[in-house]
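The numbers here are math on the coordinates, done by the rules we state, and not lab data. Please read these numbers as outputs of a predicted model, since none were measured by experiment.
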Amino acid sequence: MTNIWLMLFAILVAGGILKYLFLNMWAAVVIDLVVLGAVYFLLRRYPFLDLRKTMIFFTGLTVISILVDIGLISDLVGNLVILAVLVWAIYRRHGGGGGPGRPRLRHKWHK
């Protein structure tokens, strides 16, 4: 699992570097959407991750980043909202009654 998160972190850092190279706000929006697509294609390869919850999390981060890039919310508010989403992701309760054990398999043939 650690390698997956390192690859995700590398994708996000590369997207951040590209956003600073291109100072156009619409290029930053396109870069954010390309990074979200790259995250999806990376996560799709791992059947034991909960793809739906993880993509909801990354989509929320992308939406916040796009709102900051366009200028609808300030940088400070965007950073505070991202921190709030991170705290929520870390301290939320696990639903479904299964506890924090192994996630449900997406396909029957992944055993």
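General remarks:
- Stokes-Einstein D in µm²/s, Kirkwood radius over Cα pairs - region 2-76 at 4 °C with 1.567 mPa s viscosity: 100
- Remark: the Arg92-Leu6 segment gains 28.7 nm on full extension, using 0.36 nm per residue and subtracting the alpha carbon distance.
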